[in-house]
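Taking it in order: structure first as structure tokens, then the write-up.
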Amino acid sequence: MNHHPTGREPLLLLIVGAVLLVLSGIGPYDRATWLLEVAPILITTPILVATARRFPLTPLAYRLIFVHALILMLGGHYTYAEVPAGFWVKRVLGLTRNPYDRLGHFAQGFVPAIAAREVLIRRSPIQPGRWLAFLVLCVTLAISALYELVEWCAALIGGESAEAFLGTQGDQWDTQWDMFVALLGAATALLVFSRLHDRQITKLEESSHV
């Protein structure tokens, strides 16, 4: 009898994440903004559950996705411009804006980079190296650009009511900064976790054939 190669950890993360998602939806700053911010969780989670048996991810990927979900939940509950921890960082570092949205976009590059890397390694002829890194960065930038287009559509539809979702905080270059920070996140993920990721992919593939 074959056991799930990643064990029970994904199920635990799913349960904890579901509970925290519900909590984040209790008394949010703005209900529509909360729904828009957590929409990636509501879209991605069913896909991960549906593919868990035939295409389980590495523990690293699942853990990073969980952390990214937490960032989205917190940003959705308070809105990115109003997260209390961001105001603390703003005061300590003497910044002119709440930097929590930058953390969100950094994660928007960091986490998809690992997910894209895993899919490319396991489902394409591309192997670890420069071309893989280049394609991962391209995918990450594409995801970031798509999110900015979603924000643009929200602004066209919602007008001033979409301001909390946009979170520009008066910065005319906010869109460009968001994509640049996402690119930095993706590059950082590749530099920090590539070797660990390779080991986990190897172990996962070996266990799936047992």
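The values are calculated or read from the model by the stated rules, or taken from the named source; none is laboratory data. Please read these numbers as outputs of a predicted model, since none were measured by experiment. Glycine also receives a Cβ, built like all others from the backbone with ideal geometry; neighbour counts cover every protein chain displayed. Protein only, heavy atoms only, side chains kept; ligands, DNA and RNA dropped before computing areas. Shrake-Rupley method; radii C 1.70, N 1.55, O 1.52, S 1.80 Å.
Would you mention how many residues in the range 82-115 are aliphatic (A, V, I, L, M) and closer than 24 Å to G17 by Cβ? Before the answer, list the steps.
From the range 82-115, those aliphatic (A, V, I, L, M) are 83, 85, 89, 92-93, 95, 103, 107, 111, 113-115; that's our starting set.
With closer than 24 Å to G17 by Cβ added as a condition, the list becomes 83, 85, 103, 107, 111, 113-115.
So the count comes out to 8.
Could you grab me the full set of residues in the range 16-39 that are within 18 Å of the chain's Cα centre (by Cα), surrounded by fewer than 15 Cβ atoms within 10 Å (Cβ to Cβ) and either modelled with pLDDT of 95 or more or basic (K, R) (or both)?
Within the range 16-39, the first condition is being within 18 Å of the chain's Cα centre (by Cα), and the residues that meet it are 16-18, 20-21, 24, 33-39.
Subsequent filtering for residues that are surrounded by fewer than 15 Cβ atoms within 10 Å (Cβ to Cβ) retains 16, 18, 35, 39.
Matches in the range 16-39: V16, A18.
Whether any residue in the range 170-181 is within 17 Å of the chain's Cα centre (by Cα), at pLDDT 65 or above and open to solvent by less than 50 Å² (accessible area, probe 1.4 Å) is what I want to check.
yes
Could you count how many residues in the range 93-150 are farther than 20 Å from T188 by Cα and either in contact with a Phe, Trp or Tyr (Cβ under 7 Å, 6 or more places away or on another chain) or not in a helix (DSSP H, G or I) (or both)?
Of the residues in that region, 8 qualify.
Residue pairs, Cβ under 6 Å, 6 or more apart or interchain, first in the range 66-83 and among the aromatic types (F, W, Y), second surrounded by 21 or more Cβ atoms within 10 Å (Cβ to Cβ) and not in a helix (DSSP H, G or I). List them.
Hits for this filter: Y80/G167.
Check A142, A107, A85 and return the single one that is surrounded by 14 or more Cβ atoms within 10 Å (Cβ to Cβ) and either in contact with a strand residue (DSSP E or B) (Cβ under 9 Å, 6 or more places away or on another chain) or aliphatic (A, V, I, L, M) (or both).
Working: A142 fails: surrounded by 14 or more Cβ atoms within 10 Å (Cβ to Cβ); A85 fails: surrounded by 14 or more Cβ atoms within 10 Å (Cβ to Cβ).
When all the criteria are applied, what remains is A107.
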